[in-house]
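These notes concern the structure reproduced below.
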Amino acid sequence: MQSKIIEIKNKAIEEISEVKTKEEIFDLEKKYLGRNSEFNQILKNLKNLSEEEKKEIGKSANLAKKEIEDNLKKYERIISESNFDFQSEKIDITIPGKRKKRGHLNILSQVRNEIEDIFTGMGFEVADGPEVETEHYNFDALNIPKDHPARDEWDTFWIKPEEKLDHMLLRTHTSPVQIRYMEKNEPPFRIISPGKCFRREATDSTHEHTFYQFEALVVGEDVSVANFKYIGEQFFSKFFNKDIKVRLRPSFFPFVEPGFEFDISCLMCSGKGCRACKNNGWLELGGAGMVNQNVFVASGYPRNKYQGFAWGFGLERLAMMKYKISDIRLFHSGDLRFIKQF
Amino acid sequence: MQYSYNWLKELSETNKTVGQMADLIMMHSFEVESIEEKGKGLENVVVGKILEIKKHPNADKLQLTKIDIGNKKLDIVCGAWNIKVDDKVPVALVGAKLQNGIVIKEAEIRGIKSFGMLCAEDELGLGKSHEGILILGKDAEIGEKLTKALDLDDAILEIKVLPDRSHDALCHIGIAREISALDGKKIDYYKKIKLNRKKTDKLSIKIQDQYLCPRYIGAVMTDIKIEESPTWMKSRLNSLGINPINNIVDATNYVMLELGQPLHAFDFDQIKDDERVNIFVRRAIENEKITLLDGSVKELFDEDLLITNKDRALAVAGVMGGENSGINENTTKIVIESANFNSTSIRKTRMRLKVKTEASDRFEKEIDPNVAEIAMARIIEIVESYGGKIEGVVDVYSKPVEKWKIKLDLAYVGKLLGEEIPEKTIINILESLQLKTKKKGRMLEIEIPTFRIDLKTQEDIIEEIGRIYGYEKINSTVPFYPVQPAKMDEERQFEKTIRDYLVGAGFSEVYNYSFYGKNDAEMAGLSQKHLELENPINPEQALMRVSLVPGILNNIKENLKNFKEIEIFEIGRIYIPKDGSLPEEKNMLVGAIVSDESKKGNNFYEAKGYVDLIFNKLGIEDHYFDEFKNSEEKIPLIWHKTRFAEIEIEGSEELIGYVGEMSPIVLERFRIKKRVAIFEIDMEILRKVSEGEREFKPLRKFPTSMRDISMTAEPEVRVEDILDIIQGSGMKLIIDVDLFDIFDLPEEKTSFAFHIIFGADDRTLKNQEVDEIMKKITENLEKDLKVEIRK
């Protein structure tokens, strides 16, 4: 009897594994588990057996039945899944995806964020000041006295004066922020002051009367030119994501002494000379120097107690170099065809 | 300024090539902006003398010439007629490749052989003239290279000397001093030059104001013959951008280029009183007039300094000479002026008179009064070489400038540069710059020659040491400073957050100028006071903005050419004038939307939705939109009077901003054909109200249920009224009400449909409970707002 049950079960499972249609499943179910199936016959005949046998055979018959049922379910699922008609749902996957609205942070903001992140990562604090300034903060306190030819270097927008008022101007650099910060803070400190600046000059593809400047100022008791070189190299290497060397050349800005022009090694050829750097291996980037003691004095520090460096460069120029933008006027054009590229 | 390589080389006795020289100057002294090599394409052009001229047998317009070029005689066919026998002319030899691309070959012209070409100015690249063959000076040597004859074997360096070194380096000797210092040579350029102090009674000088004129040297010279300068001097001046005039004027210019001291020459006979010249250096009398050399008449103030004789003004000191006082072709006797004037005064005068000359350029940079003497000695030497004789010299110099001393702490050099430079190197560098040093313990006492007006402090000296030593030799060094976390700038962080939210919501960021024109202000109805620029680039950029809106509207106008729908924003400052102080600079946010207009007021609702989005992201939940508090006439013109709301916060007096459509009238003025909605928010106020920290709210434990209600309402019913009634009828069991459908019906009625979400914190609501509330809502709406509920 036992062997009969196993035989039926194995035969059933074998037949089930060969089914192709739902109808066949239905037929097999009827054949093996239906009222007239051999199994049913066996179960019906159980009553003729001893209690012992009844228990044993009944148990194995039920297990076999369960196994057949599970197999039927399994193959029914396999058949129904394999019969899903994907072809009838075919679509053209070359039709463009649905256009999603996407906003664009202005490239100036992006570059500004990058720069600020690098500096704050080096422990710099961000400082700010007004865009409309007094002559005092923009010039006098920076060691650029009235009637001095050095003032010609900064083409200045002046505000139409009102009676009894100091002559106001649009700041020509972010350097006034240095003075405003130093008036309220004691060294050691390191700050950056990013912001909008203005120079009254005709605009063309490389000149713009409105631009963003970044200025770094580090003051302590023994901050040196060598330290400046280090910070400069660190910053540019991070910003351009490659090893950058800094080169200093003598220059003059009244608020520093010594003063430098600083160049970085060419991004394309790393200093060997190529077309991008007109074969000299270096790119001119901005001005820098050791803070003039007169500036410390104007900010309320004693002469020769502190030393430090100041360093300024244009945001647009960096953005133009990094993203190969050819016309500086695009930044303030508001043209979405430009803005949406970044 | 332009500098001649040959001249610099001559003075400094360097053996550097022009390239080496430029690199050296660039890295240690000044920026070299360009190098122009003269005489390119003139390699095979020599000086020839015309021996004979004959007619061409076969061509009327051509001549046959025989030219002596020293080692041989050439037959050359020529088409120009300005030549005569004995003229010296440039001859391009066979094989020459001229700048314009012409290659000279042996040729047969109308049957006659020609072995070269006589050249006009333009063919040589020396000028534009094609009037005829360039006739050279008589002193040109036959057979010598044209580049040599015209001193074209030279390179011109454009060097940018900045104000700190304009005292001493706007001249060839100044740059030569740099070169010899860099070569490690010690040359005293002034040593050979000594002023002859012969007395004379033909000249008297009186200085009224010693402050404005610290020194005035005059020299009388006789036996002057006005003629052209020698070729070498003319070409040197020419190549440095100065037109040669005559031997005397050229000499003054030459000495200025060499030594940096502007000189002036007067005609003795034109300016003398009786038989003697009386020079007065005095302030102008208020409204005194002078006619300058260029013919312009200038009215003067008492701050302007004049050079006069007894009865008339001869020159504006240090700026320009007056008419009827200068050199002319009949001059035989001259007075040369070598003087020193106060830099600030010269600067003010030349700015007021709007005259800028080589002389004023130098005087306004402040020059060493001791150089006046050197320059005088030098020009006398040159004029004597032309046959002039010195009659005598008068020098008024009451407070001679002496050398000064700077004490340098040697340890400070290394501390400031961050590089230890050996003491011996330091001393060598300073001595090569003609600074005398004396060691005193840890200090170095340095004597500064008077021409180095820029050297005043220890740092000035350290700069000299650093740059000559070479900044490239300074190794970058990690700075040591105390560890302190960078302070966060809250305003900036906040700005960044808002930017990110808006970009995430699909807005693009624009940057606009801080100014706009009166026209923009008028169109936008911004009639309030603006800060005005005194010197705008153009009238369209004359006012400092008091609103970001005009800029944004212009952006929209331009971008509508390329885009149908626009979402842009700007965060930037506006400038509110304040009496007696700097303006208030407010950081503002303006967002603008141009979108689908098929539904009434859609732009407005879009804008309002974005405001909600920003506020919700900031965790602000108690903001609301309200009608303008003032009377309708006071609504700024720029806004659409009936599609405009104030943004406020529950329990706060402060107005955060506005949201609304732009007035169609204003849009029309800006020539914008579409509707535009804008939100304008004060960033500082927004930051303050968003400062409260967010708190976690526990998630709901019991399910909610949703019912819909729709109704038809009369035009005066506002959604806010409906919402108030729904909420008020809900016995705190309404979690949210959401308007999901709205459309216009005939007779100005509107249909609204809302989802209402019900829920309780402590149990699952039964259907029956919700039904009861819905019933109440319906009753209240019908009763209070007379709406028709669709059932």
| said: Could you check the range B:517-541 and list, in sequence order, the residues that are under 18 Å from residue B:635 (Cα atoms), in a loop (DSSP other than H, G, I, E, B) and away from chain A (no Cβ under 12 Å)? | reply: B:524, B:525, B:526, B:527, B:528
| query | Only one of (1) touching a Phe, Trp or Tyr at 6+ places or on another chain (Cβ under 9 Å); (2) open to solvent by 10 Å² or more (accessible area, probe 1.4 Å) is not met by residue A:173, so which one is it? | reply | (2)
| For residue B:658, all conditions in the list (1) part of a loop (DSSP other than H, G, I, E, B); (2) in contact with a strand residue (DSSP E or B) (Cβ under 7 Å, 6 or more places away or on another chain) hold save one; what is the number of the exception? | (1)
| said: I'd like to check which strands (runs of 3 or more DSSP E) are fully inside the range B:542-652 and have at least 2 residues that are within 13 Å of another protein chain (Cβ to nearest Cβ). | reply: B:566-576, B:584-594
| note | Only one of B:585, B:606, B:567 is surrounded by 13 or more Cβ atoms within 10 Å (Cβ to Cβ) and either closer than 20 Å to residue A:106 by Cα or touching a Cys at 6+ places or on another chain (Cβ under 6 Å) (or both), namely B:567
| remark: From the option list A:162, A:135, single residue qualifying as surrounded by fewer than 20 Cβ atoms within 10 Å (Cβ to Cβ), acidic (Asp, Glu) and more than 10 Å from every other protein chain (Cβ to nearest Cβ) is A:135
| said: Among the residues of the range A:299-319, are any away from chain B (no Cβ under 12 Å), hydrophobic (A, V, I, L, M, F, W, C), open to solvent by 10 Å² or more (accessible area, probe 1.4 Å) and over 21 Å from the mean Cα position of the chain (by Cα)? | reply: no
| note | The condition of being assigned to a helix (DSSP H, G or I), farther than 30 Å from residue B:537 by Cα, away from chain B (no Cβ under 12 Å) and of a type outside the set (S, T, N, Q) holds, among A:272, A:238, A:242, A:229, only for A:238
| said: I'd like the full set of residues that are in a helix (DSSP H, G or I), facing chain B (nearest Cβ under 10 Å) and over 20 Å from residue A:290 (Cβ atoms), limited to the range A:138-151. | reply: A:149, A:151
| note | Of the residues in the range A:222-251, those that are in contact (Cβ under 8 Å) with a residue 60 or more places away in the chain and farther than 17 Å from residue B:477 by Cβ come to A:238, A:239, A:240
| request: May I ask you to verify whether residue B:74 is out of contact with any helix residue (DSSP H, G or I) (no Cβ under 6 Å at 6 or more places or on another chain) and assigned to a strand (DSSP E or B)? | output: yes
| field | Every residue from the range A:102-129 that is at the interface with chain B (Cβ under 7 Å from one of its Cβ atoms) and open to solvent by less than 30 Å² (accessible area, probe 1.4 Å) | value | A:103, A:104, A:105, A:106, A:108, A:109, A:123, A:124, A:126
| message | List pairs: first residue in the range A:278-303 and within 15 Å of residue A:177 (Cα to Cα), second residue open to solvent by 60 Å² or more (accessible area, probe 1.4 Å) and not in a loop (DSSP other than H, G, I, E, B) anywhere in the structure, Cβ distance under 7 angstrom, at least six positions apart or on different chains. | response | A:299/A:183; A:300/A:183
| request: Return yes or no: is residue B:10 outside any loop (DSSP other than H, G, I, E, B) and either surrounded by 15 or more Cβ atoms within 10 Å (Cβ to Cβ) or modelled with pLDDT under 95 (or both)? | output: yes
| task | Look through the range B:381-396, keep the residues that are assigned to a loop (DSSP other than H, G, I, E, B) and open to solvent by less than 40 Å² (accessible area, probe 1.4 Å), and return whichever of them is farthest from the other protein chains (Cβ to nearest Cβ). | result | B:387
| Number of the exception - residue A:97 against (1) part of a helix (DSSP H, G or I); (2) more than 14 Å from chain B (Cβ to nearest Cβ) | (1)
| task | Output the number of the condition that residue A:290 fails; it satisfies all remaining conditions of (1) touching a helix residue (DSSP H, G or I) at 6+ places or on another chain (Cβ under 7 Å); (2) over 26 Å from residue B:28 (Cβ atoms). | result | (2)
| request: For the range B:710-741, name all the residues that are closer than 25 Å to residue B:626 by Cβ and in contact (Cβ under 8 Å) with a residue 60 or more places away in the chain. | output: B:711, B:713, B:714, B:717, B:721, B:722, B:725
| remark: Among B:735, B:777, B:685, B:742, the single one that is among the aliphatic types (A, V, I, L, M) and assigned by TED's automatic domain parsing to the domain that holds residue B:664 is B:685
| task | State whether the residues of the range B:528-542 include one that is polar (S, T, N, Q) and at pLDDT 95 or above. | result | no
| task | Check every one of the strands (runs of 3 or more DSSP E) wholly within the range B:673-791 and list those with 1 or more residues that are in contact with a Gly (Cβ under 8 Å, 6 or more places away or on another chain). | result | B:677-682, B:705-713, B:734-744, B:750-758
| field | Within the range B:83-121, considering residues that are of a type in the set (S, T, N, Q) and outside any strand (DSSP E or B), the one farthest from residue B:231 (Cα to Cα) | value | B:100
| Hey, among the residues in the range A:192-226 that are facing chain B (nearest Cβ under 10 Å) and under 19 Å from residue A:152 (Cα atoms), which one's surrounded by the fewest Cβ atoms within 10 Å (Cβ to Cβ)? | A:202
| said: Just checking: which of the helices (runs of 4 or more DSSP H) contained wholly in the range B:400-507 hold 1 or more residues that are within 14 Å of another protein chain (Cβ to nearest Cβ), farther than 30 Å from residue B:686 by Cα and open to solvent by less than 40 Å² (accessible area, probe 1.4 Å)? | reply: B:410-417, B:423-432, B:458-469
| task | Within the range B:13-55, work out how many residues are among the hydrophobic types (A, V, I, L, M, F, W, C), away from chain A (no Cβ under 14 Å) and not in a helix (DSSP H, G or I). | result | 7
| the range A:275-292: number of residues that are more than 10 Å from every other protein chain (Cβ to nearest Cβ) and either small (Gly, Ala, Ser) or open to solvent by less than 20 Å² (accessible area, probe 1.4 Å) (or both) | 7
| remark: Picking from B:582, B:560, the residue that is out of contact with any Lys or Arg (no Cβ under 8 Å at 6 or more places or on another chain) and in the same structural domain as residue B:656 (by TED's automatic domain parsing) would be B:582
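The values are calculated or read from the model by the stated rules, or taken from the named source; none is laboratory data. Note that the structure is predicted; figures quoted are calculated from it, not measured. Cβ: placed from backbone, ideal geometry, glycine included. Neighbour counts: every protein chain shown. Heavy atoms of the whole protein, side chains included, go into the accessibility calculation; ligands, DNA and RNA do not. Shrake-Rupley method; radii C 1.70, N 1.55, O 1.52, S 1.80 Å.
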